[in-house]
1. Among the residues of the range 204-235, what is the count of those that are in contact with a strand residue (DSSP E or B) (Cβ under 8 Å, 6 or more places away or on another chain) and either closer than 17 Å to TRP137 by Cβ or open to solvent by less than 60 Å² (accessible area, probe 1.4 Å) (or both)?
2. Whether any residue in the range 170-192 is on the phi < 0 side of the Ramachandran plot, in contact (Cβ under 8 Å) with a residue 40 or more places away in the chain and not hydrophobic (A, V, I, L, M, F, W, C) is what I want to check.
3. Condition (residue is surrounded by 11 or more Cβ atoms within 10 Å (Cβ to Cβ), small (Gly, Ala, Ser) and without any contact (Cβ under 8 Å) to a residue 12 or more places away in the chain) applied to the range 149-163: is it met by at least one residue?
4. Would you check if LEU406 is open to solvent by 30 Å² or more (accessible area, probe 1.4 Å) and not in a helix (DSSP H, G or I)?
5. Considering only residues that are without any contact (Cβ under 8 Å) to a residue 40 or more places away in the chain and open to solvent by 10 Å² or more (accessible area, probe 1.4 Å), which ones fall in the range 409-423?
6. Regarding TYR254, is this residue crowded, with 17+ Cβ neighbours inside 10 Å, out of contact with any Cys (no Cβ under 7 Å at 6 or more places or on another chain), under 18 Å from PRO433 (Cβ atoms) and of a type outside the set (A, V, I, L, M, F, W, C)?
7. Could you tell me which residue of the range 376-403 is most open to solvent (accessible area, probe 1.4 Å), considering only residues that are part of a helix (DSSP H, G or I) and over 18 Å from ASN337 (Cα atoms)?
8. Restricting the search to the range 94-149, which residues are more than 26 Å from LEU194 (Cα to Cα) and among the β-branched types (Val, Ile, Thr)?
Amino acid sequence: MHKFCMKFKYNIITSVKGKTTKIMHGFTLEKTKNEMRKIENHFLNKILCLEIKETNMKINIRKLQQQLHDTLEIKEYNSVVETKKQFMLRTKSVIEKNHDKKLQNSIKENFEKFDLKHNTDWFTNNTRIDIPPECQWLLSMGNKFALPISRKTFSPLHIIADVEQSIQTITDEREKDMVRCKFATRVNTFKNKLRNSQKDKFILQVYEETKRVIYQHKDDIVITNADKGNRTVMVYKAEYKKKMEDLLNDKGTYKTIRNDPTQYLLRKNNRIVNEMYKTHNIDAKLKQYLTCSAATAPRLYGLPKVHKENTPLRPISSSINVPCSKLSKFVGKILKNIISEKFNIKNSVQLKEKIKAVTIDEEEILISLDVVSLFTNIPIHLGISTIMKQWSNQKSHTKITKTQFLNILEFCLRENNYFVYDNKYYQQVYGMPMGNPLSPTIADIVLDKIIDDSIIELKSKDINIKYITKYVDDIFAIVRAKYVDEILKTFNEQHKKLKLTLEKEKLTN
């Protein structure tokens, strides 16, 4: 067949060359001649491929196998078939190994060439599924990593929507059309001039490979963020669902509900907003912002706690576009004014600045107190009562009346304390909704009260805490070592549901 193809190609070349030579004599520019040669070579290759394809189709493999079977004895035939099979397997294995080796070398070279750093601590694989290193690198970048834009992936639809929303303030229709024309011209110019660098092309190639790997195992895995540490975590879907169902089976915290209350809560949210507007406690602009025109039910998902044994899940209720989302943010901003600055820090940098002048005596140690499942263990009535007792401190920050403020808290925390998971609706019967914009602020206020009450009680026992501060649900303190147990006991006695665990400093040589 090889000789036949070569002869056929020779005949084709001779025939085509004779005709194209005459045509090329008519061209005077070298650039045109080069283009003609390219077209000629492309045409010849196409013809050769078609001839090879036709020859392969003419060969009847089954007929040849039957002839071989009829000619040879059965043992000889089976031996030939087995030899052929083993040869094909060995050849396939060798080719695959060579390709994998070349691919890995190419990937390694590209990582070094483009200075891409692969931090293995940023991706945790809790499955036995083998994920290629380049895919691990991309997943470790997190969901905020900006992929390069290519002509294939460039979609101006969201930009068009933003532009259309912006030009609605223009009253002149002719001016609006001029803006649209300028925008369309610039988008087309950008798309036509878009060129990806070698680094961008490599990243997009890794992205496509990662999509392929994920799609291959899409029914078996869940990829999500870790609860802490800015990691990406991959777990088995069956294991993830089992842990979520175990959480929801806690009847003291959750119960199932029959219907989706979203539309009812949307209408009630708007009634509350209208009432505040009618009583002149908010202006028209704020009323428009707080009014909810479309809403969805909160969606529950779990974040793996990879820093803890057996990787438990922290339940998070996503409150994006829920009925009370904007109203919760509005009230949360008011409540931030009463959060004590005495205990709270924003980040580790602020902690470093605060403690750099603090000295630790020999009989003192550092301890860390961590609240167990803070949001699901803070009773709503405790949060609301703690806030309303401090009304005198916060009424100067808002025009809303005390009654209206109380109604808003009840609406945002009690009535909107529901979510959907796996197409089933649940209500959280105890604790605050984790994911509600208002919950972290109320948690800060309640914990501040617990710390204040604990410090007062400890002082009555002649126990002083040298230094104490907190970040969300983590409390950091410097205390005398002999009082550690009594301090933990006092904190845990403040409320029957709110319990803390304690860790002491670990000394290293």
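1. 13
2. The answer is yes; a qualifying residue exists.
3. No, there is no match, as no residue in the range 149-163 is surrounded by 11 or more Cβ atoms within 10 Å (Cβ to Cβ), small (Gly, Ala, Ser) and without any contact (Cβ under 8 Å) to a residue 12 or more places away in the chain.
4. Taking the combined requirement at face value, the residue does not satisfy it.
5. Hits for the range 409-423 are GLU410, ARG414, ASN423.
6. yes
7. Restricting to residues being part of a helix (DSSP H, G or I) and over 18 Å from ASN337 (Cα atoms), the top hit is HIS381.
8. VAL94, ILE95, THR120, THR124, THR127, ILE129, ILE131
The values are calculated or read from the model by the stated rules, or taken from the named source; none is laboratory data. Note that the structure is predicted; figures quoted are calculated from it, not measured. Here Cβ is always computed from backbone atoms with ideal geometry, including for glycine, and neighbour counts include all displayed protein chains. For accessibility, only protein heavy atoms count, side chains too; no ligands or nucleic acids. Shrake-Rupley method; radii C 1.70, N 1.55, O 1.52, S 1.80 Å.
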